[in-house]
1. Return the tail of the calculated pair distribution for the chain, meaning the percent of Cα-Cα pairs more than 32 Å apart.
2. Multiply the residue gap between Asn212 and Glu198 by 0.36 nm, knock off their C-alpha separation, and tell me the result in nm, one decimal place.
3. Multiply the residue gap between Ser96 and Asn166 by 0.36 nm, knock off their C-alpha separation, and tell me the result in nm, one decimal place.
4. Roughly how many Å² of Ser110 are accessible to a 1.4 Å probe, to the nearest 10?
5. Can you list, largest first and rounded to whole Å, the semi-axes you get for segment 180-243 by taking the square root of 5 times each eigenvalue of its Cα gyration tensor?
6. Could you tell me what percent of the accessible area of segment 70-122 is made up of carbon and sulfur, with a 1.4 Å probe and every protein chain present?
7. If you take every DSSP beta bridge whose two residues both sit in segment 215-295, what share of them, in percent to the nearest 5, is antiparallel?
8. Can you tell me the convex hull volume per residue for segment 141-295, based on C-alpha atoms, in Å³ to the nearest whole number?
Amino acid sequence: MFENLSDRLERSFKILKGEGKITEINVAETLKDVRRALLDADVNYKVAKQFTDTVKAKALGMDVLTSVKPGQLMVKIVHDELATLMGGEAVDVQISGNPAIILMSGLQGSGKTTFSGKLANLMKNKRSKKPLLVAGDVYRPAAIEQLKVLGEQIQVPVYTEEGNKNPVQIAQNAIKQARQDGNDLVIIDTAGRLAIDEQMMQEIKAIKDAVNPQEILFVVDSMTGQDAVNTAKEFNDRLDFTGVVLTKLDGDTRGGAALSIRTVVNKPIKFVGTGEKMEALDVFHPARMADRILG
Ligand code: GDP
């Protein structure tokens, strides 16, 4: 579908052979290729520009005579810089409180409810946690039902208060219940809207203030590409979230949203969703995502 960046760079570097060091003039074409590859991967254009400026500074003066394959060397510089910008290492979730509290945020359809189930499943099976899922979307009965179905499937209890329209109260009551029942992890799913709106933001901020979660995860659909940045920024400005979950990476997106969001809000991406099933969850690895973005 996309020409491999490595091939592109090899091609543009052929003209550099015999010219010795990389200069402003002869690197311009190559950087254009890097920028195009990033835009193809749905990286935000401002982020792509900023990125190529950084790579340019690193590439200038690079000795192309001693390098057999300067294109590959350039790809390595680009790859390493991408991985570094996306955080270098995988970052774990905080589950130290008792109960530890994790609050989900994000737009409707981003994959919050699915991810809540996946995370509960992972924590139960791999970290020996006893999670309680909380249905905090008081507007959509279907969302509550969806969480209940997931809970049953993964054998994790789900706290609901049908009829109660106050998500702050529901979250507080759920935490009391978790203490009583010995659940050491509370995962609160919240209502999302199709677009950012003031009421949704106030509501989730009120839940945050009331329950003081260790983690606030911002869940975003990786297919939303360029828009993901604006959404991430708005949520971060209001909530100061602690991590990002990138869903639907099983689609054909190249995952440029990872680089854009990380650059703009400077919060770690912690997980990626790779399917609808409860097992389709991976810890985020910056180097792997760099490979994917470069194609
Ligand atoms: P919410 O409105 O944010 O709670 O979103 P949902 O969890 O209901 O997810 C919306 C749709 O996306 C559902 O059909 C999910 O099955 C689907 N979905 C969620 N995560 C993934 C994923 O990682 N990959 C794929 N292919 N679909 C996903």
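The values are calculated or read from the model by the stated rules, or taken from the named source; none is laboratory data. Note that the structure is predicted; figures quoted are calculated from it, not measured. Note: ideal-geometry Cβ built from the backbone for every residue, glycine included; neighbour counts use all protein chains shown. The protein model used for the area step is the full one, side chains on, heavy atoms only, and it has no ligands, DNA or RNA in it. Shrake-Rupley method; radii C 1.70, N 1.55, O 1.52, S 1.80 Å.
1. 33 percent
2. In short, 3.0 nm is gained.
3. Computed gain between Ser96 and Asn166 is 22.5 nm.
4. 10 Å²
5. 24, 14, 11
6. Ligands and nucleic acids excluded, carbon and sulfur reach 52 percent.
7. The antiparallel fraction comes to roughly 25 percent.
8. Residue-normalised Cα hull volume stands at 125 Å³.
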